[in-house]
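Written below as C-alpha coordinates is the structure these notes are about.
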Amino acid sequence: MIPWSASIRVHWTTPHPAGLHATAPRTHRIRLWIPLFLVWLLLLPLVLVLFPFVALAGIFVRVNALRLYSAVWSILNSLRHTLVEVHSPAANVRVHLA
Amino acid sequence: MNDDRKSILEMLAAGKITTDEAERLLAALNPKPASSAADAPDAYASPSAPASGKAKSPKYLRVLVEADESTTGLRGGPTTVNVRVPMQLLRAGVRLAGLIPPQAHDQLDQAFSKHGVPITLSQIKPENLEELIDHLGDLTVDVDGKDDNKTRVRVFCE
(Lines give C-alpha, C1' and ligand atoms only; values in the text may rest on other atoms or scores of the structure.)
Protein backbone atom coordinates (compact mmCIF):
# COMPACT_ATOMS: atom_id res chain seq x y z
CA MET A 1 0.00 0.00 0.00
CA ILE A 2 1.06 3.53 -0.61
CA PRO A 3 1.93 5.50 2.52
CA TRP A 4 -1.12 7.25 3.93
CA SER A 5 0.66 9.69 6.17
CA ALA A 6 4.03 11.16 6.90
CA SER A 7 5.17 12.31 10.30
CA ILE A 8 8.04 14.73 10.47
CA ARG A 9 9.58 15.84 13.73
CA VAL A 10 12.43 18.28 13.95
CA HIS A 11 14.01 19.58 17.15
CA TRP A 12 16.96 21.89 17.08
CA THR A 13 18.66 24.26 19.43
CA THR A 14 20.18 27.60 18.64
CA PRO A 15 22.86 28.99 20.91
CA HIS A 16 22.00 32.24 22.56
CA PRO A 17 23.91 35.18 21.07
CA ALA A 18 26.90 36.24 23.13
CA GLY A 19 26.80 39.56 24.90
CA LEU A 20 23.15 39.36 25.83
CA HIS A 21 21.55 37.94 28.94
CA ALA A 22 23.01 34.60 29.92
CA THR A 23 20.16 32.16 29.27
CA ALA A 24 19.86 28.61 28.07
CA PRO A 25 19.99 27.84 24.35
CA ARG A 26 16.65 28.11 22.63
CA THR A 27 14.91 24.96 21.50
CA HIS A 28 12.77 24.95 18.39
CA ARG A 29 10.37 22.23 17.50
CA ILE A 30 8.45 21.41 14.39
CA ARG A 31 6.00 18.54 14.33
CA LEU A 32 4.13 17.81 11.16
CA TRP A 33 1.67 15.11 10.37
CA ILE A 34 0.92 15.17 6.66
CA PRO A 35 -2.09 13.21 5.41
CA LEU A 36 -0.48 11.88 2.26
CA PHE A 37 -3.74 10.33 1.08
CA LEU A 38 -5.01 13.86 0.45
CA VAL A 39 -1.87 14.61 -1.50
CA TRP A 40 -2.45 11.54 -3.66
CA LEU A 41 -6.07 12.55 -4.20
CA LEU A 42 -4.98 16.02 -5.28
CA LEU A 43 -2.33 14.64 -7.61
CA LEU A 44 -4.59 12.03 -9.22
CA PRO A 45 -6.36 14.44 -11.64
CA LEU A 46 -3.00 15.87 -12.64
CA VAL A 47 -1.65 12.40 -13.35
CA LEU A 48 -4.67 11.56 -15.49
CA VAL A 49 -4.42 14.83 -17.44
CA LEU A 50 -0.70 14.33 -18.05
CA PHE A 51 -1.03 10.70 -19.14
CA PRO A 52 -1.52 11.43 -22.89
CA PHE A 53 1.52 13.71 -22.93
CA VAL A 54 3.62 11.13 -21.08
CA ALA A 55 2.48 8.47 -23.53
CA LEU A 56 3.46 10.71 -26.45
CA ALA A 57 6.86 11.42 -24.93
CA GLY A 58 7.28 7.73 -24.28
CA ILE A 59 6.90 6.98 -27.96
CA PHE A 60 9.83 9.27 -28.75
CA VAL A 61 12.13 7.90 -26.00
CA ARG A 62 10.90 4.31 -26.51
CA VAL A 63 9.46 3.92 -23.04
CA ASN A 64 6.08 2.36 -22.41
CA ALA A 65 3.98 4.92 -20.50
CA LEU A 66 1.92 2.24 -18.77
CA ARG A 67 5.07 0.50 -17.54
CA LEU A 68 6.41 3.85 -16.36
CA TYR A 69 3.27 4.54 -14.35
CA SER A 70 3.38 1.00 -13.02
CA ALA A 71 7.00 1.40 -11.91
CA VAL A 72 6.28 4.73 -10.21
CA TRP A 73 3.26 3.17 -8.51
CA SER A 74 5.47 0.31 -7.28
CA ILE A 75 7.95 2.78 -5.84
CA LEU A 76 5.20 4.66 -4.03
CA ASN A 77 3.84 1.41 -2.65
CA SER A 78 7.23 0.39 -1.36
CA LEU A 79 7.85 3.60 0.57
CA ARG A 80 5.57 2.60 3.40
CA HIS A 81 7.30 2.14 6.79
CA THR A 82 10.37 4.05 5.66
CA LEU A 83 12.10 5.63 8.62
CA VAL A 84 14.94 8.10 8.77
CA GLU A 85 16.20 9.34 12.12
CA VAL A 86 19.14 11.56 12.80
CA HIS A 87 20.07 12.53 16.34
CA SER A 88 22.86 14.97 16.97
CA PRO A 89 23.66 17.25 19.88
CA ALA A 90 22.28 20.22 17.98
CA ALA A 91 19.27 18.75 16.22
CA ASN A 92 16.99 15.74 16.00
CA VAL A 93 15.13 14.85 12.85
CA ARG A 94 12.67 12.03 12.38
CA VAL A 95 10.79 11.25 9.20
CA HIS A 96 8.42 8.30 9.10
CA LEU A 97 6.13 7.26 6.28
CA ALA A 98 3.23 5.16 7.53
CA MET B 1 16.67 -42.50 26.02
CA ASN B 2 15.03 -42.93 22.63
CA ASP B 3 15.83 -45.69 20.17
CA ASP B 4 17.80 -43.52 17.77
CA ARG B 5 20.16 -42.26 20.42
CA LYS B 6 20.56 -45.78 21.81
CA SER B 7 21.46 -47.23 18.44
CA ILE B 8 24.00 -44.45 17.84
CA LEU B 9 25.65 -45.13 21.18
CA GLU B 10 25.65 -48.86 20.50
CA MET B 11 27.38 -48.32 17.15
CA LEU B 12 29.95 -46.11 18.87
CA ALA B 13 30.55 -48.72 21.56
CA ALA B 14 30.93 -51.39 18.88
CA GLY B 15 33.45 -49.26 17.04
CA LYS B 16 31.35 -49.07 13.90
CA ILE B 17 31.43 -45.23 13.93
CA THR B 18 33.91 -42.71 15.25
CA THR B 19 33.17 -40.24 18.02
CA ASP B 20 32.94 -37.38 15.50
CA GLU B 21 30.38 -39.29 13.47
CA ALA B 22 28.42 -40.13 16.61
CA GLU B 23 28.45 -36.48 17.64
CA ARG B 24 27.14 -35.40 14.24
CA LEU B 25 24.40 -38.01 14.33
CA LEU B 26 23.34 -36.96 17.83
CA ALA B 27 23.37 -33.30 16.80
CA ALA B 28 21.16 -34.11 13.85
CA LEU B 29 18.69 -35.74 16.22
CA ASN B 30 18.71 -32.76 18.59
CA PRO B 31 19.26 -29.46 16.73
CA LYS B 32 20.48 -26.68 19.02
CA PRO B 33 17.95 -23.98 19.88
CA ALA B 34 18.84 -20.41 18.73
CA SER B 35 20.74 -18.46 21.41
CA SER B 36 19.06 -15.36 22.78
CA ALA B 37 20.46 -14.69 26.25
CA ALA B 38 23.85 -13.42 25.07
CA ASP B 39 22.41 -10.72 22.82
CA ALA B 40 22.86 -7.18 24.06
CA PRO B 41 19.63 -5.22 24.45
CA ASP B 42 20.69 -2.15 22.47
CA ALA B 43 20.01 -1.58 18.81
CA TYR B 44 23.64 -2.09 17.83
CA ALA B 45 23.80 -5.71 19.03
CA SER B 46 23.91 -8.57 16.53
CA PRO B 47 20.44 -9.71 15.53
CA SER B 48 19.53 -13.18 16.85
CA ALA B 49 18.48 -15.96 14.50
CA PRO B 50 14.82 -16.90 14.37
CA ALA B 51 13.90 -19.42 17.05
CA SER B 52 11.96 -21.74 14.78
CA GLY B 53 11.40 -22.39 11.13
CA LYS B 54 13.59 -21.27 8.30
CA ALA B 55 14.73 -17.69 8.01
CA LYS B 56 12.12 -15.37 6.54
CA SER B 57 12.88 -13.16 3.60
CA PRO B 58 14.13 -9.82 4.98
CA LYS B 59 11.66 -6.98 4.87
CA TYR B 60 13.82 -3.98 5.68
CA LEU B 61 17.36 -2.82 5.12
CA ARG B 62 18.69 -1.08 8.22
CA VAL B 63 21.62 1.24 8.48
CA LEU B 64 22.74 2.34 11.93
CA VAL B 65 25.53 4.81 12.43
CA GLU B 66 26.86 6.07 15.73
CA ALA B 67 29.58 8.67 15.51
CA ASP B 68 31.26 10.29 18.47
CA GLU B 69 32.30 13.88 18.89
CA SER B 70 35.77 13.36 17.49
CA THR B 71 34.30 12.25 14.17
CA THR B 72 31.54 14.79 13.77
CA GLY B 73 33.14 17.75 15.48
CA LEU B 74 29.88 18.44 17.28
CA ARG B 75 30.16 18.85 21.03
CA GLY B 76 27.50 17.57 23.35
CA GLY B 77 27.31 13.90 22.57
CA PRO B 78 27.35 11.32 19.80
CA THR B 79 25.44 11.58 16.58
CA THR B 80 23.29 8.65 15.57
CA VAL B 81 21.66 7.86 12.28
CA ASN B 82 18.97 5.23 11.92
CA VAL B 83 17.62 4.44 8.47
CA ARG B 84 15.08 1.76 7.64
CA VAL B 85 14.27 1.16 4.01
CA PRO B 86 11.74 -1.44 2.86
CA MET B 87 13.10 -4.16 0.61
CA GLN B 88 10.14 -3.58 -1.68
CA LEU B 89 11.91 -0.41 -2.75
CA LEU B 90 14.69 -2.51 -4.24
CA ARG B 91 12.18 -4.55 -6.22
CA ALA B 92 10.46 -1.40 -7.41
CA GLY B 93 13.81 0.05 -8.39
CA VAL B 94 14.51 -3.00 -10.55
CA ARG B 95 11.21 -2.45 -12.33
CA LEU B 96 12.21 1.15 -12.92
CA ALA B 97 15.56 0.03 -14.31
CA GLY B 98 13.67 -2.26 -16.67
CA LEU B 99 12.22 0.79 -18.38
CA ILE B 100 15.60 1.82 -19.75
CA PRO B 101 15.68 0.95 -23.46
CA PRO B 102 18.07 -1.93 -24.24
CA GLN B 103 19.84 0.27 -26.77
CA ALA B 104 20.94 2.55 -23.94
CA HIS B 105 22.27 -0.26 -21.74
CA ASP B 106 25.70 -0.39 -23.35
CA GLN B 107 26.26 3.33 -23.08
CA LEU B 108 25.12 3.36 -19.47
CA ASP B 109 27.31 0.36 -18.61
CA GLN B 110 30.33 2.14 -20.08
CA ALA B 111 29.51 5.31 -18.17
CA PHE B 112 29.19 3.37 -14.92
CA SER B 113 32.46 1.54 -15.54
CA LYS B 114 34.23 4.81 -16.24
CA HIS B 115 33.18 6.04 -12.80
CA GLY B 116 34.33 2.88 -11.10
CA VAL B 117 30.95 1.16 -10.79
CA PRO B 118 31.05 -2.13 -12.76
CA ILE B 119 27.33 -2.69 -13.23
CA THR B 120 25.69 -4.49 -16.13
CA LEU B 121 22.16 -3.15 -16.36
CA SER B 122 20.90 -5.99 -18.54
CA GLN B 123 21.63 -8.45 -15.73
CA ILE B 124 19.49 -6.62 -13.19
CA LYS B 125 16.42 -8.82 -13.38
CA PRO B 126 13.68 -9.55 -10.85
CA GLU B 127 14.71 -13.22 -10.48
CA ASN B 128 18.33 -12.25 -9.76
CA LEU B 129 17.13 -9.67 -7.26
CA GLU B 130 15.05 -12.18 -5.32
CA GLU B 131 18.09 -14.38 -4.89
CA LEU B 132 20.12 -11.38 -3.78
CA ILE B 133 17.46 -10.34 -1.26
CA ASP B 134 17.32 -13.86 0.17
CA HIS B 135 21.07 -13.75 0.72
CA LEU B 136 20.88 -10.26 2.16
CA GLY B 137 19.10 -11.79 5.11
CA ASP B 138 22.46 -13.14 6.23
CA LEU B 139 24.28 -9.89 5.61
CA THR B 140 25.66 -7.98 8.55
CA VAL B 141 28.32 -5.33 8.14
CA ASP B 142 29.93 -4.04 11.31
CA VAL B 143 32.47 -1.28 11.16
CA ASP B 144 34.09 -0.06 14.34
CA GLY B 145 36.32 2.94 14.57
CA LYS B 146 40.02 2.64 15.26
CA ASP B 147 41.68 3.29 18.61
CA ASP B 148 39.66 5.78 20.67
CA ASN B 149 37.28 6.55 17.84
CA LYS B 150 33.91 5.11 18.86
CA THR B 151 32.25 5.39 15.50
CA ARG B 152 30.14 2.34 14.64
CA VAL B 153 28.35 1.49 11.46
CA ARG B 154 26.00 -1.44 11.10
CA VAL B 155 24.22 -2.52 7.97
CA PHE B 156 21.87 -5.48 8.18
CA CYS B 157 18.52 -6.78 7.06
CA GLU B 158 15.54 -7.68 9.16
Report task. Please work out if A:Leu42 is loosely packed, with under 10 Cβ neighbours inside 10 Å and either touching a Phe, Trp or Tyr at 6+ places or on another chain (Cβ under 7 Å) or at pLDDT 90 or above (or both). Result -> yes
Query raised in the report: Do we find a residue being among the hydroxyl-bearing types (Ser, Thr, Tyr), over 28 Å from A:Leu97 (Cβ atoms) and touching a helix residue (DSSP H, G or I) at 6+ places or on another chain (Cβ under 6 Å) anywhere in segment B:113-124?
Result: yes
Requested in this report: Test B:Ala55 against the stated conditions and say whether it is modelled with pLDDT under 80 and under 25 Å from B:Val155 (Cα atoms).
Outcome: yes
Query raised in the report: Would a scan of segment B:33-52 turn up a residue that is at pLDDT 80 or above, touching an Asp or Glu at 6+ places or on another chain (Cβ under 6 Å) and of a type in the set (S, T, N, Q)?
Result: no
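Is segment B:69-79 home to any residue that is among the aliphatic types (A, V, I, L, M) and free of Cβ contacts under 8 Å to residues at least 40 places away in the same chain?
Checked segment B:69-79: at least one residue is among the aliphatic types (A, V, I, L, M) and free of Cβ contacts under 8 Å to residues at least 40 places away in the same chain.
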Report task. Quickly run through segment B:94-111 and pick out the residues that are part of a helix (DSSP H, G or I) and either at the interface with chain A (Cβ under 7 Å from one of its Cβ atoms) or in contact with a strand residue (DSSP E or B) (Cβ under 8 Å, 6 or more places away or on another chain) (or both). Result -> B:Arg95, B:Leu96
Report summary line: Among the residues of segment A:44-93, the number that are in a strand (DSSP E or B) and more than 9 Å from every other protein chain (Cβ to nearest Cβ) is 3
Query raised in the report: Which residue pairs have Cβ atoms under 6 Å apart, sit 6 or more places apart or on different chains, and have a first residue in segment A:78-97 that is touching a residue at least 40 places away in the same chain (Cβ under 8 Å) and a second that is surrounded by fewer than 16 Cβ atoms within 10 Å (Cβ to Cβ) and of a type in the set (Gly, Ala, Ser)?
Result: A:His96/A:Ser7
**Report entry** Residues of segment B:112-133 that turn out to be in a loop (DSSP other than H, G, I, E, B) and within 14 Å of chain A (Cβ to nearest Cβ), as a count
**Finding:** 1
Query raised in the report: Can you tell me which residues in segment B:75-90 are facing another protein chain (nearest Cβ under 7 Å) and either buried (at least 16 other Cβ atoms within 10 Å of the Cβ) or at pLDDT 85 or above (or both)?
Result: B:Thr79, B:Thr80, B:Val81, B:Asn82, B:Val83, B:Arg84, B:Val85, B:Pro86, B:Gln88, B:Leu89
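The values are calculated or read from the model by the stated rules, or taken from the named source; none is laboratory data. Model, not experiment: these values are computed from the prediction. Reconstructed Cβ throughout: ideal geometry from the backbone, glycine too, with neighbour counts over all protein chains shown.
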